[in-house]
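Worksheet: one structure, shown below.
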Amino acid sequence: GKTKLTGFLKSNEKIKAGCIITVVQKVERVCFSEDCYNLTRGQQKQIRVDVFPADAENKALKYISDQPSVVSIDEKGLLKANSCGETTIRAVTTDGGNIGTCCYVAVYGEVTYLTCGIPRTPEIILEEGKNMKVSFWAQGENPFGYGEIIRGISSNEHIISVEKAPCKTVNGGN
């Protein structure tokens, strides 16, 4: 808040001076709304950073990417995934307190095709009544990995039924 402070001589109250004093609440803590972000190359995402306490005077933040060639971030917190890889994004207060936080960002490449089989065989022979795990491999531009979800679908559920749980790929490449 603000207040006016006045000082005067006790012997002559006409001789006085005054000033305005403003007491500000500094930022004590900042937090990303998410601990990590998974993006596809070329994707943009607006991030949110919460600043505490809510009544802090100056909530302005400076954003920094440890690897701008992988992920850049503008002054409003808009992420842009430039190339495959991973980096850390930091948000730091500009009020002089240098209070900050960071989050992890991974950029995945585009999956251009899948392969299927055991091991990577296009046709599989399965004895009636038996179960078998069939794997799919994501292939494409990126040896770093993919964030895509792969789910198998049978063209005839009377012959083969497929477990409905999707599997997130963790790596791939050519």
#### Entry: Karplus 3J(HN,Hα) series, Hz, for the range 92-102 with 6.51 cos²θ - 1.76 cosθ + 1.60 (x for Gly, Pro)
10, 5, 9, 7, x, x, 6, 7, x, 8, 9
### Query
Which of the peptides 49-57, 3-11 is most tightly packed, and how do the rest follow, judged by the mean count of other Cβ atoms within 10 Å per residue?
49-57, 3-11
#### Entry: Mean Cβ neighbour count within 10 Å, used as a protection proxy, ranking 73-85, 36-48 highest first
73-85, 36-48
### Task
Calculate one ³J(HN,Hα) per residue across the range 42-47 by plugging θ = phi - 60° into the Karplus curve 6.51 cos²θ - 1.76 cosθ + 1.60, and present them in order as whole Hz with x for glycine and proline.
x, 6, 10, 8, 7, 9
### Query
Across the range 11-28, in residue order, what do the Karplus-derived ³J(HN,Hα) couplings come to in whole Hz, using 6.51 cos²θ - 1.76 cosθ + 1.60 with θ = phi - 60° and x for Gly and Pro?
7, 8, 5, 6, 8, 8, 9, x, 8, 9, 10, 10, 9, 10, 8, 7, 5, 9
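Which net charge results for the neighbourhood of Lys76, defined as the other residues with beta-carbon distances under 14 angstrom from its beta-carbon, given Lys and Arg at +1 and Asp and Glu at -1? All intermediate terms of the calculation are to be shown ahead of the outcome.
Details: positive: Lys45, Arg48, Lys59, Lys62, Lys80; negative: Asp74, Glu75.
Once all neighbours under 14 Å are counted, the net charge is +3.
Would you work out what percent of the accessible area of the range 1-69, with all protein chains in place, is carbon or sulfur (probe 1.4 Å)? Walk me through the intermediate numbers first.
Values: 2620 of 5250 Å².
About 50 percent, which is the carbon plus sulfur part of the accessible surface.
Where does each of 65-71, 102-108 land if you order them by average Cβ count within 10 Å, highest first?
On the way: 65-71: 16.3, 102-108: 20.4.
So the order, starting with the most tightly packed, is 102-108, 65-71.
The values are calculated or read from the model by the stated rules, or taken from the named source; none is laboratory data. Fair warning: this is a prediction, and the values are worked out from it, not measured in the lab. Counting neighbours? That spans all protein chains shown, and the Cβs are built from the backbone with ideal geometry, glycine included. Accessible surface areas use protein heavy atoms only, side chains included; no ligands, DNA or RNA. Shrake-Rupley method; radii C 1.70, N 1.55, O 1.52, S 1.80 Å.
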